[in-house]
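Where a number appears in this text, it was derived from the coordinates with a stated rule and is not lab data. Just so it is clear, the model here is predicted, and its values are computed rather than measured. When we count neighbours, we look across all protein chains shown, and the Cβ atoms used for this are built from the backbone with ideal geometry, even at glycine.
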Protein chains: 2
Amino acid sequence: MKNTQLLGLLFFVVSSFAQNIQSPSKAITLDFKLSADGKPTYSVSYKNKAVILQSGLGIKLKEGGDLTSGFSIENTANKSVNESWQPVLGEQANIKNNYNEMTISLLQKNSGRKVNIIFKAFDEGVAFRYEFPKQANLNYFIISDEVSQFNLAGNHKTFWLPGDFDSQEYAYNETKLSEVNTETINKNNGIGLKSIAGKYVVQSPLMMKSADGLYINIFEAAVVNYPVMHLDLVPNEYKLTSRLVPNAIGDKAYLQAPCVSPWRTIMVSDDARDIVGSKMILNLNEPSKIDDTSWIKPMKYVGIWWEMHVGKSTWDYAGSQNAQNTLTKDLIPSGKHGATTENTKRYIDFAAKYGFDGVLVEGWNVGWEDWFGNWKENVFDFTTPYPDFDLKAVNDYAKSKGIKMIMHHETSGSVANYERHLDRAFDLMKKYGYPAVKSGYVGRIIPRGEFHDGQTMVNHFNFVAQRAADYKLMVNSHESSRPTGYSRTYPNYIAAEAARGNEFNAWSNGNPPMHETILPFTRLLGGPMDYTPGIFEIKMSVYNPTKTEQVHTTLAKQLALYVTMYSPLQMAADLPENYEKHLDAFQFIRDVADDWQDSKYLEAEPGDYLTIARKDKHSENWFLGAITDENARDTEIKLDFLSPNKKYQAIIYQDGADADWQNNPKSYAIKTIQVTSKSKIKLHLAKGGGAAISFKPIN
Amino acid sequence: MKNTQLLGLLFFVVSSFAQNIQSPSKAITLDFKLSADGKPTYSVSYKNKAVILQSGLGIKLKEGGDLTSGFSIENTANKSVNESWQPVLGEQANIKNNYNEMTISLLQKNSGRKVNIIFKAFDEGVAFRYEFPKQANLNYFIISDEVSQFNLAGNHKTFWLPGDFDSQEYAYNETKLSEVNTETINKNNGIGLKSIAGKYVVQSPLMMKSADGLYINIFEAAVVNYPVMHLDLVPNEYKLTSRLVPNAIGDKAYLQAPCVSPWRTIMVSDDARDIVGSKMILNLNEPSKIDDTSWIKPMKYVGIWWEMHVGKSTWDYAGSQNAQNTLTKDLIPSGKHGATTENTKRYIDFAAKYGFDGVLVEGWNVGWEDWFGNWKENVFDFTTPYPDFDLKAVNDYAKSKGIKMIMHHETSGSVANYERHLDRAFDLMKKYGYPAVKSGYVGRIIPRGEFHDGQTMVNHFNFVAQRAADYKLMVNSHESSRPTGYSRTYPNYIAAEAARGNEFNAWSNGNPPMHETILPFTRLLGGPMDYTPGIFEIKMSVYNPTKTEQVHTTLAKQLALYVTMYSPLQMAADLPENYEKHLDAFQFIRDVADDWQDSKYLEAEPGDYLTIARKDKHSENWFLGAITDENARDTEIKLDFLSPNKKYQAIIYQDGADADWQNNPKSYAIKTIQVTSKSKIKLHLAKGGGAAISFKPIN
C-alpha cells in the first residue's frame, strides 16, 4: 500500500471514530466518539482541563427500539459561523454569534434509522442537539427518555433547585454535588404546588464552580415542542443525565421527523463574567418570525399588585375564597377589592406624573373568589370585569393621560380554559388598546395530569406568544416554564417570571440576600425576568405589626436590580405612597433605561456579587448596578466603559454607612459627582446591599 | 301509649326505613331503603314483578371517605309533575312530562356530609340521580367511583356493545346476560381505535328482554360535567354496576357542590313500543337555554362524502398519508381529491334541482394528508382550504341556488387543537353563511390520556354546542359520546353519530340487517342520529369488482330509515348519479318530512322489527317506515293514525317480491293507492327489508 493510501486510510480510520471541534478562541475542545458498540459519546475540555468526561448521548423510543447504540458514522460536516444580529429589545443592540459547528450523521444499522448530532463550540461553551432527518424508517415517534449525559470531573460547588416539574420558585441551595438531596430542603417556602420528581433530581440551568475556579453551567436553548430538561444526579459520581418531564400518561415527547431536539448547553470559563454575559442561549434560537416589530416596546410600569401581596387589598371582590359559584350579581363586595376604577385612576395619575409607560391591574375580572388551590376548570373568562371595574372608563382615562394599561390573565393553571377564551381575551385587549398582557399559571395544570414543564405546556406558552403576535400584543408570563431564548424567535414574548420573584418576600420566608446574585447566572441566561424590584418599604411590619416578613435586601440594592436583573419590562413594584416618601431614591427608577445599546459585566461571582454597567440604546446615558449577598462588600469600579472625552454627571445611590438588610435596610445615601472615563468610584455595599449609579453626559 | 301515638310511631318507624313512589299508571313501583349500616338501596317492580332487586347506591371519593354508607334519612319530599313542553325540532310537537318524584335527603353522620337522591317514576320507567347540596363539609371533590347497582331479576336476552371508552361503533351482540364476554366479539369490525375496558364491561344504553316478555332498558340522561356511565356486569348473577370512564390520571369526575350527577334511567314495560317511543331522556334534561331559536332548522342534505367512502375520490388533496408536513404550496395534487370547487357545484346543482336544503363537503381543508392514526396534534386549522377549493366561489354559488353549505370540522381527536381554533373556525362559518357544522373525532384524544367518554370530552362536546349557540350555529357531532338528551337544553345540537352508522357498510363487514332495528331502542333514546341512510347502490362491487362489502339492507329499507331513524338532519347519502338512476324511489326521500307533529310507534320488537308513522309538523302529510331484520316479515298496518274524514294518496315503496338484502337488494316496487283512516295496508318485507309510505291528503 502506498504511503498516501496508508495515510488516507489512517485518516479515514481516525475520523471514523473521533471528531472534534474547538471554540473560536481554541480554549474549549469538544470530542465526539462512537464507543465500541456504536454508542455516541462526547467529552469537553477547557484549556486542556477535562470539564465533561466521556458522556453518552441518545434517545429512547416508546416503540420500535432505542436510538442509543448500534450506530455508525455516515458523514461528518463542519462549518464556522461569525455573524451578528440585532434583537428588537435587549442587553445589547448588536449580538455576535461566533461558533464552530460539527454535524455527525449517524446510521443505526439494525433499524435503518438516521440521527444527526450537531455540536457547536462558542468561546463561552458548547452546545449539542439531536436532529431527526426526514427518512423512511422514522416518521411519527414518541420519546420515552432522553439519555444525554453530563459526567462532571469533580465535586463542584453547585447552585441548585430541586427537580420540580411544576415550579422553579425555590430559593437556591448552595452545596457540593455530593451533598445534593431534595429531601433536605426547606419545604416551608411559600410554594403552593410542588411536584419534586426525586431525591437526586435538580433543575437546569445548573450553575457550578470547580475547586480550581472553573465556572460551569448546564442549561438548554430553544425548547420548542419538547418537554423541559431536568437532571438526574448520581451525587457521589458527579454524573448528570437528562431527565425529561413526562406528560399525563408518562410519555415525554411526540414528534414527527424531520425535527430537532432543544440544544443542551455547557458553558465553561475561568471568568464568571463570560457566563453571566453569555448570549449563547439566544444565539441558539431561530431568528425572529415577526416581520414588523414596531409595536414591540419596553415598558416601565406600576400596578395594583403589591398592595394585595402585603394584604392591604384583595384580588377578589367578595372577600372570600370558595364563594361557591355565586353569580356575579349576587356577590357582596367586601370593600377590600384592589382593582377598582377609582384606585386604578390613582395609579394612572401616579404613572403619568412620574413618567411611567403603563399600569398593571390584577383582580379586575370575575373569578377570584374561587381561584386558588381548587383545581377549578372554568375559573376565569378573561373578559368579564367586576362591577366596580369599568373597563371603558379606565382605558379612556389612561389614554387621556398617555398611559397604557397592562392586561392580566391569571389562568390558575387551567390552560384548556384559557385557550378556549384566548381569542376573545385578545379581542378585548385590542378593543381597549392594551399593548401587553401579564399571564399567570398558579396551580395544577388542566389538562389534568400535565406538568408546567411538560411538552404540552411548553407548546402552550409558545402558542400564546405566537397567537399574541397575530394580535400585535406582548406577553409577560408568570409561573410558565423558564425561557430558553424563544424571545429571539418571538420578540413579543418580552419577559417571564418562571423563578422565585420579589413577591415571595411579602408573605413567605422570602429570598435570601444571595438570591439576586445567582439568578443572572441561571434563570436570566434564557431570557428577561419580570422580577418586580423597587420595593422601598422593606419590612412588612409596616402593614401589620405582627408580620415578620421582609424583602431581604437594602433599598439601594432594590435600585441596583433595575440594572442587574435585565428586563425590557420593569415594574416599580411598591405602592405609590412609598415612592412619594423617597422621591430622591425614586429618581433612579424614573431615570433608568430599559433597552440597551451595550452591557458590560464588570464583576461577577455567582451567589456572591455582581456589577453591571449598561448604556441606554436611545441616549448617551449609562447606568450601573452593583449588588452583594449577605456579606458586605467594598469594591472599586473603573469607569472606562464611559465614552472618552466626555464628562458625566454621576448620581450614586448607595447604602447608608449603617445600612444592613436586616436591621437597617432603608438607610441610603445619594451623592452627585462629575466623572469621566478615567474615573474610578469606590463603593461600599452593606450586607444584602447594593448601589445604583446613573451617568448622564454633561454638555 | 295511645293508639294514635303508636300508629304515629309505626308510621315514623316505617318511613324512616322505606319510601316508595309509583308511576302515574301505578304499574311501576320504586322502593328506597336504607340498609342496617345506613347504605342507600332501591328496588323496582313492574306490575308486581321484580325488575330490579335490592340494589345499592353511592359515590366514592378520592379523598375524605366515601358516600356509600353510614347515612340516615333527614327528610323525604314528594311531588308530582304533569306538564308539556315543545321542542324546537322533534318527533312530536308536544312532549308530555308526567312523573312522580321522591327526594331522599341523606346525612352521613361521621362526615357531616349531605347527599340527596332524587327518584322519578314515569309510566315507562324510573330514574334517579345524586344531588350534592351546598354545604360546609363538601365543596370541591373528586369522584373516584360511582357504585350505582342494577341487580336484575333474570338471565335476560341482552343487546350489548363492549364497554369501550372511545367508541360505540360496534355491531350489537345479542346474548343472554350470562353469555356476555367482550373477548368473544369480532374485533375485525372496521373500528380504528378500541379501548375496551374489560371482559365483562358493556355500554349503556343496554336493552334487554326477560323470558316472560318484559322489556328493560338501562341508560342515563343529562350527562353534563360528568363522565359517561358504562356498566360492569357479573354475568352469572345478572348484576350491573355503574362504571364511570376515568380521565388521564384515573380520576372520574371533578365537581363542586352544589351539583348533580346525571340521571340513571331504568325503562320497563311489557310493550316494547313504550320503550322505543319514550321521551324520558329528553324529559330529564334541563329546558332550552336558547331564547331565540328561529335559526334552528331541520336540514335534508347531500354531500361530498360517500364517494370517498367507496373509494371514488379522497379526502386528501395530495393523495398520500404522511406527507410529512409538506407545506401546502408544495403539495402535488393526486387528481383524486373529492372536495373541489367544481365537484361541489355539481352537488349544489343536484341539491337545488331536487329540493334539498344543504350540501356537506368533507376534505375541503388542508391537513388530510396526515390526519389518520398518527395522534397528530396540530392536524387541522379549520380555516385554510385546499388550493382547489374556493370558499368564496362555492358559497356564492350555493347562495345563488338557494342552498346552504354544511361545514366539516374533522378534529382527528385533537380536541385541544380544535378548541384553540374554534372561534376562528366559527367566524369563518359566519363569514360565508354556513348554518351548521358536522364535526368528527376520529382518533385518540388529545389531551393525551383522555377518552372520548371521559368528563373532559363530555364537557368539550357540550362546550362546542354552547359556543356554537353563541354564533347561532347548529352542530352534528360524529364519534362524540352518545347523546343523553342535551339537545333539549341546546336545541342547536341537532344530531350526532355516536354509534355504528351506514358508512361501515362501505369498507368493513358492515352493519347486520338487525342493526337498524335495535338502534332506536338504544342509541336514539338519547337524541337524533345522523345515520346517513338512503344508499341505493347497495353493493360496493359496482365501484370495484374485487369489493365484497355491501349495505346489509334492501333499497326499500333504506327509504324506511328516513322514518324509523329519527333525525332533523337527514342525508341522502348516496352519489347523485345513483339517485338519478332511480328517481321514482328517490321521490320518497324528496318528500319525507324531517320535523314532526306526532309519531306513532305501531309495531316494535328490539332487534327484530319496527314500524313507525309520523305526521309532518308543517303539513297534513304522514310518513310511515317499516323495517325488519334478517327475517322476512309480513304485517298489516291499520291506518287509524290518519285524520278521519280525509282521503289520502298513499305511495308505497316496498321490497320487490324477490328482494333479499344479500341476493337482490335493489329490487323494489312502488304502488300508489287511495286510503282513509279506516284502511289497512298489508306489507311484505324481504329479508333485511323494509317499506316506506307517504300519505298526502287528497283535496
Binned Cα-Cα distances of segment A:171-237, short to long, each 10 Å bin given as a whole percent: 16, 47, 31, 6
Segment B:94-115 and segment A:292-368: distance between their alpha carbon centers, rounded to Å: 43 Å
Cβ-based charge dipole, segment A:366-522, positive-most Cα from A:Ser508, A:Tyr490, A:Gly440: A:Tyr490
Relative contact order [Cα under 8 Å, 6+ residues apart], segment B:91-175, whole percent: 17 percent
Whole-percent pair-distance distribution, where bins are 5 Å wide, for the alpha carbons of segment A:242-329: 2, 7, 9, 8, 10, 10, 13, 17, 13, 8, 3, 1, 0
Calculated log₁₀ intensity ratio I(q)/I(0) where the Debye formula runs over C-alpha points of segment B:14-102, q = 0.13, 0.25 Å⁻¹: -0.61, -1.21
Summed residue charge, Cβ within 13 Å of A:Val310's Cβ, Lys/Arg positive, Asp/Glu negative: -2
Pairwise Cα inverse-distance average, inverted: Kirkwood Rh of segment A:101-245 (Å): 17.0 Å
Listed peptides B:494-504, A:658-668, B:568-578, B:304-314 by packing density, highest first (mean Cβ within 10 Å): B:494-504, B:568-578, B:304-314, A:658-668
Principal axes of segment A:51-187: Cα extent on each, largest first, Å: 51, 42, 30
Near-label residues of segment B:598-612 by backbone N, under 18 Å of a point 7 Å along Cα→Cβ of B:Lys671: none
Rounded FRET efficiency, nearest 0.05, which uses the C-beta distance separating A:Thr103 from A:Leu583 and R0 of 45 Å: 0.20
Relative contact order %, segment B:228-373, counting alpha carbon pairs below 8 Å whose residues are six or more apart: 21 percent
Peptide A:441-447 - average C-beta neighbours from other chains (10 Å radius): 2
Translational diffusion of segment B:207-272, µm² s⁻¹ [Kirkwood Rh, Cα pairs; Stokes-Einstein; 25 °C; 0.890 mPa s]: 176 µm²/s
Cα pair count fraction exceeding 17 Å, expressed as % - segment B:602-670: 53 percent
Calculated label separations, A:Asn699, copies of the chain, 7 Å along the beta-carbon direction, nm: 9.6
Between segment A:533-612 and segment A:153-213, the alpha-carbon center distance in angstrom: 26 Å
Ellipsoid semi-axes in whole angstrom, largest first, where each is sqrt(5λ) of the Cα gyration tensor of segment A:650-691: 23, 10, 6
7 Å along Cα→Cβ, label-point gaps from B:Glu179 to other copies, nm, shortest first: 7.4
Pairwise label distance in nanometres, B:Lys26 with A:Ala50, each label 7 Å out on the Cα-Cβ vector: 9.5 nm
Whether segment B:133-211 is rounded, prolate or oblate, judged on the alpha carbon gyration tensor where a/c under 1.5 counts as rounded: oblate
Segment A:16-56 versus segment A:437-513: alpha-carbon centroid distance in Å: 35 Å
Charge dipole (chain B, unit charges on Cβ, about Cα centre) - positive-most of B:Gln256, B:Gly373, B:Gln54: B:Gln54
P(r) tail fraction, segment B:531-592 - alpha-carbon pairs more than 17 Å apart, %: 37 percent
7 Å along Cα→Cβ, label-point gaps from A:Ala77 to other copies, nm, shortest first: 7.5
Zero-based 10 Å bins, Cα pair distances in segment B:435-475, whole percents: 28, 48, 24, 1
Pairs of alpha carbons in segment B:416-493 whose separation is greater than 21 Å (percent): 24 percent
log10 of Debye I(q)/I(0), alpha-carbon scatterers only, for segment B:298-424 at 0.11 Å⁻¹: -0.38
Averaged over A:241-251, number of beta-carbon atoms from partner chains that fall within 10 Å: 2
Cα convex hull volume per residue for segment A:481-612 (Å³): 112 Å³
Sites B:Lys646 and A:Lys345, calculated FRET efficiency, Cβ-Cβ separation with R0 56 Å, nearest 0.05: 0.15
Test item: Cα-centred dipole of segment B:607-699, Lys/Arg +1 and Asp/Glu -1 on Cβ, debye: 560 debye
Rg over Rh [alpha-carbon atoms, Kirkwood Rh] for segment B:442-540: 1.00
Label-point separation in nm, A:Lys431 to A:Ser334, each point 7 Å along Cα→Cβ: 2.8 nm
Expected-Rg normalisation [2.2 N^0.38 Å, Cα atoms] applied to segment A:545-651: 1.16
Cα principal axis extents for chain B, largest first, Å: 91, 64, 49
Hydrodynamic radius (Kirkwood) for the protein assembly as shown, which is based on Cα pairs only, to one decimal in Å: 35.3 Å
MRE, 222 nm, helices only [DSSP H, n ≥ 4, -39500 (n - 2.57), over the protein assembly as shown, to nearest 500]: -5000 deg cm²/dmol
Distance in nm between pseudo-label sites at B:Arg590 and B:Lys79 (7 Å out along the Cβ direction from Cα): 5.2 nm
Averaged over A:413-421, number of beta-carbon atoms from partner chains that fall within 10 Å: 3
Compactness of segment B:166-282 - radius of gyration and Dmax, Cα, Å: 15.6, 45
Kirkwood Rh in Å, taken over all unlike Cα pairs in segment A:217-374: 21.0 Å
Stretchable slack from B:Ile95 to B:His684, in nm (0.36 nm times residue separation minus alpha-carbon distance): 208.8 nm
Efficiency of FRET from Cβ geometry, A:Thr184 and A:Lys33, R₀ 45 Å, rounded to 0.05: 0.75
Those lysines that a straight Cα-Cα span of less than 17 Å connects to A:Lys682, excepting residues fewer than 8 apart in one chain: A:Lys557, A:Lys638, A:Lys671
Segment B:601-699: relative contact order in percent, alpha carbon pairs under 8 Å with at least 6 residues between: 36 percent
